[in-house]
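What follows is a set of notes on a single structure, which appears directly below.
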Amino acid sequence: MQKNSTWFYTLYVFVSLLVAPVVRFLSVYYTSYALAGVYLVLTLLSVCAIAWESLKIKRYAETFEFKNPFHLELFSYIASAGLFINFVVQCVLLFNAFKLHKTAPTYILPMIMSGICALISSGYFVIIGFSFGNKNYDFREFRLIHVVPMLWAISCIFNLIELSTGFEKSIDSNLKYVMIFMLVCFFYSFALEIDKKGNARRTTVLFARLYSYFSVLYFVDRLVLVLTYKANVLSGENAMALTGLMLCGFTFFFEKNILHSYYTSLEKEGANKE
């Protein structure tokens, strides 16, 4: 029964990710409250479906199962590369800021913090990759840097705050900030799981799924804007969307690994009862 509902949830979210770009494409050419409403309702229903599916299970399996079929070491390295891209972007933005004499602390400091945290987090995900690739290596021993990815995501919120006008930009900005907020929540839950050690929290699965959903939605949104010549290919927002998508690979399969362990344990329990 649980697997059937999971398939229904997966199908709905997948269909919503297919329909949303079509609605977004139309909204670029036709500024309409009806289209905005459809997009909002579609997104909210997906969030509700994700929340229901994530929270209905009372007790998940072990959080960190290093021996897994999802190649999490590969996706850790991809996430590391995405964070390094963000580090390079922050360096370029910082250089341009000094070049244009935009040196106000409120403008510069979030950029510096974001760049430093992105570089450290990039190295951190390499260590995570080592752990999933070699069961004798455990990234959880590096306690001092577990919160750095969360600090990077928080600095991105401050770094990306800017006033937007126009319908298409408001959708774009809202998706970006929701995506980063979900990433903050995921990294916070991830750090708690490391300190706790044991079965995964339901909120960890929830935020992993929500972040994965919004990161794909934001990437597709930026892709639509580029294809319709509404955005520059080399913009900072597109770089952020790319980094978000590369992190999504890790969060998506990290959550799938927890579910795989959960259903495997259920099958073992059922076999033992027989």
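Since every read-out is calculated from the coordinates, none of them should be taken as a lab result. Note that this is a predicted model, so its numbers are computed, not measured. Positions of Cβ are backbone-derived with ideal geometry, glycine not excepted, and every protein chain shown enters the neighbour counts.
Okay, here's what the table says:
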| quantity | calculated |
| --- | --- |
| Rounded FRET efficiency, nearest 0.05, which uses the C-beta distance separating residue 58 from residue 103 and R0 of 41 Å | 0.20 |
| Protection proxy ranking of 172-178, 142-148, 99-105 - average other beta-carbon atoms within 10 Å, highest first | 172-178, 142-148, 99-105 |
| FRET efficiency, residue 92 to residue 45 (Cβ-Cβ, R0 41 Å, nearest 0.05) | 0.60 |
